[in-house]
């Protein structure tokens with residue numbers, strides 16, 4: 001996960017963030033930090049990059065405001 005980085009980003013004025021994660025649980029935790037800091041989820045795409053496995057990649061866009 002990137003919780004330490006998300007906590008820092010949540011305090012900045014960065015207007016948009018592109019987020020990539022390979023773990024749904026850490027994505028949810030990290031995205032919640034950013035949302036609590038004033039970002040909103042604007043896009044979300046789940047990618048089944050490894051067929052016949054339970055592994056997925058998550059790509060998300062967040063914007064301030």
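Bear in mind that the values in this text are calculations on the coordinates, not laboratory data. What you are looking at is a predicted structure, and each value in this text was computed from that prediction instead of being measured. Here the Cβ is made from the backbone with ideal geometry for all residues, glycine too, and neighbour counts use every protein chain on show.
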Kirkwood radius from Cα pairs of the chain plugged into Stokes-Einstein at 4 °C, 1.567 mPa s, gives D in µm²/s equal to 107
Obtain the nm distance between the two label points defined at residue 5 and residue 57 by a simple spin-label model: each point lies 7 Å from its Cα along the Cα-to-C-beta direction.
1.5
Given an 8 Å cut-off on Cα distances and at least 6 residues of separation, report the relative contact order of the chain as a percent.
41
Kindly state, to the nearest 0.05, the FRET efficiency for residue 22 paired with residue 42, given R0 = 25 Å and r defined as their beta-carbon distance.
0.75
Protection proxy ranking, peptides 16-27, 48-59, average beta carbon neighbours within 10 Å, highest first
16-27, 48-59
Whole angstrom only: what separates the Cα centroid of the range 1-36 from the Cα centroid of the range 51-65?
12
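So what is the calculated 222 nm ellipticity per residue for the chain, using -39500 (n - 2.57) for each DSSP H run with n of 4 or more, over all residues, to the nearest 500 deg cm²/dmol?
-9000 deg cm²/dmol
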